[in-house]
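Enquirer: Pasting a structure here, questions to come.
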Amino acid sequence: MDHSASRTFLARPKFLDDLIRTFGNVTFGVALLALWGVLTIIGVVVEQGKDPASYFASYPAPIARAIVRLDFNDIYHSVWYLASVGLVLASMTTATFTKVIPRRLPPHRAVKIDAMPLHATVRVAGDEASVRARIERFFASRGWKITKRDIDGTQWSFADRFNWARIGVLVNHLAILIIASGTIVYWASGYSGETAIMTGDTAQIPQNHDLVRLDGFSYDVKPVMTKSGIVYQPIDYVSRVTVVRHDGIPTPMVVRVNHPIDLDGTLLYQASYGFGMRFAVSHDGVSVTSLGRRTLVEGDAMQIPGTAQSVVYERFVPTVDRRTKMPSPDPRISDPAVILAVLDGGQAIGEVLAPLGAPLDLGNGWSVTPVSDVIYSGFQYRYDPGVPLVAAGAILLLVGLVISFYFLPARLHVRVDSAEDGACTVGLAATTVKGYDIFESQFQELVSALRGAEGVER
């Protein structure tokens, strides 16, 4: 059998060595993490899941086209994002097995004592076997774990302290992998969204088909006097809802800020509130009921038939200052009004503060009257099956950081050699995973204690 041919056949290809070297490189790994971070920031800055037309309305055309074509409008499910996560995981795994494990879990090996930065020589009376036994008892009594090895005919003793803490960085790597796995689980099967529900109306969460009806909404505001004036501090937002889940049974529930309700694993959060407005429209004194049936929310427009005019409901004003006749910052409803903008041919021709019940004359016999407000509640919902994994990874990461920062694994290489005068020379050399300076003072204290021990010559 041609063993050289066999070795050639089994040899690892050069391109594979180059690939492993690249993915195990720290700079390359940091660059991948930076890429992952940039893509995540894009997902935060660019609102996700919107219709393409909304991006063209919010951004210049070249940027909007890039967002849509590169899938930045759904970046967490895009090829770019998933590829970046996969590359980060591959880089971390490669670095762990090619660099971290060999450095953190080194084999017991002989060293040249005098060549080590932290070393010392101590003379001890007695024969080689008894000295070695006493030295081992000395370190064992101080919490060091003793391991014996015969290396090239020389007996070495290795004293390890906090050897288990060498895995701290491995725990950190495993924690990051678990956290990344949790986020991947969310991207694969989780979802989130938002909806606004008028009082008395019902909305459906499209992913799990649960129905949510808003029975009522209330909010509590507390005036607080500050140096700059009165500030109205929100105390509580409360939505009373009726939920119909898969069992078909209506269930009354309450949603508060920071107290979501659980709908079959989907969390429903109280996010915002606002005021819809109903208007009465008349032409030449005759009510136009078809236009009055609609409830407008902030930003909605109402086209006036037969004209180029439209009325935009811009904002609800809970309280109008009776002295200045201007909107008050008080969010409590006292003397309500609405701000309306009138457009002609798409061009703004005026803006007016219209009290409820006061008609606004548009000309040509048309008038619009804000009649009544209808409060609505804004909800956010989220289903994230990866939360347990992310939580477990976060706890594990904290454990790994505690291990890495608060425990210092150290190893002493101990060699006992017989001297001509019947005593022995004990050579000590220390190594740590964090460099030599951090262990220098402890090493000197240990050597001093050894020299002061019974039976050790000074």
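The values are calculated or read from the model by the stated rules, or taken from the named source; none is laboratory data. Keep in mind it's a predicted model, so treat the numbers as computed, not measured. Note that each Cβ is placed from the backbone with ideal geometry, even for glycine, and that neighbours are counted across all protein chains shown.
Enquirer: From the residues in the stretch 254-266 that are assigned to a strand (DSSP E or B) and crowded, with 16+ Cβ neighbours inside 10 Å, which one is nearest to the chain's Cα centre (by Cα)?
Expert: The first filter runs over the stretch 254-266 and keeps only residues assigned to a strand (DSSP E or B), leaving 254-256, 259, 261-263, 266.
Now narrow it down to the ones that are crowded, with 16+ Cβ neighbours inside 10 Å: 255, 261, 263, 266.
Values: VAL255: 24, ILE261: 22, LEU263: 23, THR266: 19 Å.
If we take residues in the stretch 254-266 being assigned to a strand (DSSP E or B) and crowded, with 16+ Cβ neighbours inside 10 Å, then THR266 is nearest to the chain's Cα centre (by Cα).
Enquirer: May I pose another question? Any idea which residue in the stretch 130-154 is farthest from GLY427 (Cα to Cα), counting only those that are free of Cβ contacts under 8 Å to residues at least 24 places away in the same chain and among the hydrophobic types (A, V, I, L, M, F, W, C)?
Expert: This residue is ALA140.
Enquirer: Return the residue satisfying two criteria in turn: it lies in the stretch 11-29 and is β-branched (Val, Ile, Thr) and modelled with pLDDT of 85 or more, and of such residues it is surrounded by the fewest Cβ atoms within 10 Å (Cβ to Cβ).
Expert: My answer is THR27.
Enquirer: Hey, any hits in the stretch 391-413 for a residue that's out of contact with any Gly (no Cβ under 9 Å at 6 or more places or on another chain), farther than 23 Å from SER130 by Cα, of a type in the set (Lys, Arg) and not in a helix (DSSP H, G or I)?
Expert: no
Enquirer: Please find, within the stretch 373-390, the residue that is surrounded by the fewest Cβ atoms within 10 Å (Cβ to Cβ) out of those that are in contact with a helix residue (DSSP H, G or I) (Cβ under 8 Å, 6 or more places away or on another chain) and of a type in the set (A, V, I, L, M, F, W, C).
Expert: VAL387
Enquirer: Anything in the stretch 42-66 that is over 26 Å from the mean Cα position of the chain (by Cα) and of a type in the set (Ser, Thr, Tyr)? List them, or say none. So that I can check it myself, show each step before the final result.
Expert: Kept after step one, since they are over 26 Å from the mean Cα position of the chain (by Cα), are these residues of the stretch 42-66: 52-54, 56-65.
Correct list: SER54, SER58, TYR59.
Enquirer: Can I ask one more? Does the stretch 293-304 contain any residue that is without any contact (Cβ under 8 Å) to a residue 60 or more places away in the chain and touching a Ser or Thr at 6+ places or on another chain (Cβ under 9 Å)?
Expert: Taking the stretch 293-304 as the starting set, the residues that turn out to be without any contact (Cβ under 8 Å) to a residue 60 or more places away in the chain are 293-294, 296, 298-301, 303.
Retained after the next criterion (residues that are touching a Ser or Thr at 6+ places or on another chain (Cβ under 9 Å)): 301, 303.
The answer is yes, given that some residue of the stretch 293-304 is without any contact (Cβ under 8 Å) to a residue 60 or more places away in the chain and touching a Ser or Thr at 6+ places or on another chain (Cβ under 9 Å).
Enquirer: Kindly provide the set of residues from the stretch 210-248 that are free of Cβ contacts under 8 Å to residues at least 12 places away in the same chain and either in contact with a helix residue (DSSP H, G or I) (Cβ under 8 Å, 6 or more places away or on another chain) or in a strand (DSSP E or B) (or both), ordered by number. Walk me through it before giving the result.
Expert: Taking the stretch 210-248 first, the residues free of Cβ contacts under 8 Å to residues at least 12 places away in the same chain are 224-229, 231, 247-248.
If the condition is that a residue be free of Cβ contacts under 8 Å to residues at least 12 places away in the same chain and either in contact with a helix residue (DSSP H, G or I) (Cβ under 8 Å, 6 or more places away or on another chain) or in a strand (DSSP E or B) (or both), then VAL224, MET225, THR226, GLY229, VAL231 are the ones that fit.
Enquirer: Looking only at the stretch 32-48, count every residue that is outside any loop (DSSP other than H, G, I, E, B) and exposed (fewer than 14 other Cβ atoms within 10 Å of the Cβ) and tell me the total.
Expert: 6
Enquirer: From the list ARG65, ARG142, ARG123, ARG137, which residue is surrounded by 14 or more Cβ atoms within 10 Å (Cβ to Cβ), among the charged types (D, E, K, R) and not assigned by TED's automatic domain parsing to the domain that holds ASN25? Let's see the steps before the verdict.
Expert: Details: ARG65 fails: not assigned by TED's automatic domain parsing to the domain that holds ASN25; ARG142 fails: surrounded by 14 or more Cβ atoms within 10 Å (Cβ to Cβ); ARG137 fails: surrounded by 14 or more Cβ atoms within 10 Å (Cβ to Cβ).
One residue alone meets the criteria, ARG123.
Enquirer: If you don't mind, there's one more thing I want to ask. Is it fair to say ILE167 is modelled with pLDDT of 85 or more and either among the β-branched types (Val, Ile, Thr) or not assigned by TED's automatic domain parsing to the domain that holds LYS50 (or both)?
Expert: Criteria not met by ILE167.
Enquirer: Could you list all residues from the stretch 420-456 that are exposed (fewer than 12 other Cβ atoms within 10 Å of the Cβ) and either in contact with a strand residue (DSSP E or B) (Cβ under 8 Å, 6 or more places away or on another chain) or aromatic (Phe, Trp, Tyr) (or both)?
Expert: Passing the criteria: GLY422, GLY455.
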